[in-house]
Amino acid sequence: MGRMPPDVDTHAGTPQADTGEDEAPPLLGRWRNLYLVVFVWLAVLIFLFYRFTEYFS
């Protein structure tokens, strides 16, 4: 019997599913921090669009 690739379960002989649950986001280290940045950015945009609308109305 030959060598099995590292992503194959040797007991069942089928590839293991990679759920990605343990992966960190590409920025800021934690998903909570990334969501916080996105939420703050959304709030800033809403505020800027509100001020823009008030100024030009």
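The values are calculated or read from the model by the stated rules, or taken from the named source; none is laboratory data. What you see is a predicted model; the values in this text were computed from it and never measured. Don't worry about glycine lacking a Cβ; one is built from the backbone with ideal geometry, like all the others, and counts go over all protein chains shown.
For the stretch 1-47, a tally of residues being of a type in the set (S, T, N, Q) and modelled with pLDDT of 65 or more returns 3. Annotation: of all residues in the stretch 40-57 being surrounded by 10 or more Cβ atoms within 10 Å (Cβ to Cβ) and among the aromatic types (F, W, Y), the one that is farthest from the chain's Cα centre (by Cα) is F52.
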